[in-house]
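Here the structure is laid out as structure tokens; the discussion comes afterwards.
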Amino acid sequence: MLWDPGPGPTHLQAVRSVAKLSNIKLQVLEVRDPGDLEKVLAALRRPPQAVNFLPSLIIYAQSMRLAGLALKRCLPATSLVHHCAIAGSELVYCPKPGRSVERHAVVVANILIGAKPAEIPVG
């Protein structure tokens, strides 16, 4: 699990909960800087069976590189970043970038015309 603590622990906590319920052993690798990526992957205690990239600005900006590093090490990779799919990751779950922007624009427009955020439907 590659994790940048910058955005906070929410995604990591969610994955840890699911892993615990599924009896999956996680190896969390903290990445605070793009320069850490290769060092962190090279420092793995034992070869993992797969790698998951948790979302952050660093992961997003380095997604093509990360997917390439995973391919180079023959690791199945999952991510929430669509660039990883383009670069060859096994599985990517994310909204289409354009649709996400459109949805955010609708929410912002509704707030600007006076809607209360709690009353705006999510979905």
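The values are calculated or read from the model by the stated rules, or taken from the named source; none is laboratory data. All of these numbers come straight from a predicted model, not from anything done at the bench. Using ideal geometry, Cβ is built from the backbone for each residue, glycine included, and neighbour counts are taken over all protein chains shown.
Assorted remarks:
- Count - residues of region 42-65 that are without any contact (Cβ under 8 Å) to a residue 40 or more places away in the chain and under 16 Å from the mean Cα position of the chain (by Cα): 6
Here's the yes/no breakdown for (1) buried (at least 21 other Cβ atoms within 10 Å of the Cβ); (2) hydroxyl-bearing (Ser, Thr, Tyr); (3) at pLDDT below 80:
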site	(1), (2), (3)
39	no, no, no
44	no, no, yes
60	no, yes, no
75	no, no, yes
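- In region 1-18, the residue that is nearest to residue 66 (Cα to Cα) out of those that are surrounded by 15 or more Cβ atoms within 10 Å (Cβ to Cβ) and not aromatic (Phe, Trp, Tyr) is 2.
- Scan of region 24-42 for residues that are out of contact with any strand residue (DSSP E or B) (no Cβ under 7 Å at 6 or more places or on another chain) and farther than 17 Å from residue 68 by Cα, ordered by number: 24, 25, 26, 27, 32, 33
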